[in-house]
Amino acid sequence: MKKKLALEGIIALLILLYLYTGLTQLLAYKFFHGNIYNQPIFQWSKPILVYLIPGAQLVIAAGLLFEKTRKLALWSSLGLLTIFTVYIILIIMNALARVPCTCGGVISSFTWPQHLMFNIFFMILNAVALVLRKKSFDDNERAQVVAY
């Protein structure tokens, strides 16, 4: 029971994270668009990323809502958090020329080390959710075998 409650709590936090960031980027579209176009990345990728990033965040949030899509959404979330974390590490290491923050809302006021800690925290939560989900399914399978 505690595992299920912990899993649902983590899922709720991830949903809030992705709804907040995705919707903030769409609601402040001009700001987000400008920051994406100032990124030190390939020019051809910028028109794609300006829609892909908030879109992916909202799709992940929606996927986390349903048990049928939750596993894929958790893995997608971990992948996206990993990409963002590697990008932040490159920024902290001064490996990139320009580093505008494309985050929205209160998250955009974080320093880069704070961004890194924030992302690592959510990556750990995400990994814990994957482990709890697997254990929950393993326990359910054992219960079903015993019931027969």
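The values are calculated or read from the model by the stated rules, or taken from the named source; none is laboratory data. No experiment lies behind these values; they were computed from the predicted model shown. A quick note on method: Cβ atoms are made from the backbone with ideal geometry, for glycine too, and the neighbour counts reach across all protein chains shown.
Scan segment 15-28 and give yes if some residue there is part of a helix (DSSP H, G or I), more than 24 Å from Ile120 (Cβ to Cβ) and at pLDDT 90 or above, otherwise no.
yes
From the set of residues in segment 65-84 that are β-branched (Val, Ile, Thr) and modelled with pLDDT of 95 or more, which is farthest from the chain's Cα centre (by Cα)?
Of everything passing the filter in segment 65-84, Thr69 is farthest from the chain's Cα centre (by Cα).
Could you check, for segment 100-122, whether at least one of its residues is over 23 Å from Ile36 (Cβ atoms) and within 13 Å of the chain's Cα centre (by Cα)?
Looking for residues that are over 23 Å from Ile36 (Cβ atoms) and within 13 Å of the chain's Cα centre (by Cα), one finds at least one in segment 100-122, hence yes.
Pick out the one residue from Leu96, Leu58, Leu49, Leu80 that is touching a residue at least 40 places away in the same chain (Cβ under 8 Å), surrounded by 14 or more Cβ atoms within 10 Å (Cβ to Cβ) and either closer than 17 Å to Ile11 by Cα or out of contact with any strand residue (DSSP E or B) (no Cβ under 9 Å at 6 or more places or on another chain) (or both).
Leu58
Restricting to segment 29-46, name every residue that is touching a residue at least 60 places away in the same chain (Cβ under 8 Å) and not in a helix (DSSP H, G or I).
Within segment 29-46, Asn38, Gln39 meet the criteria.
Any idea which residue in segment 99-132 is surrounded by the fewest Cβ atoms within 10 Å (Cβ to Cβ), counting only those that are among the hydrophobic types (A, V, I, L, M, F, W, C) and modelled with pLDDT under 85?
Selected residue: Val106.
Restricting the search to segment 63-119, which residues are charged (D, E, K, R) and part of a loop (DSSP other than H, G, I, E, B)?
Arg98
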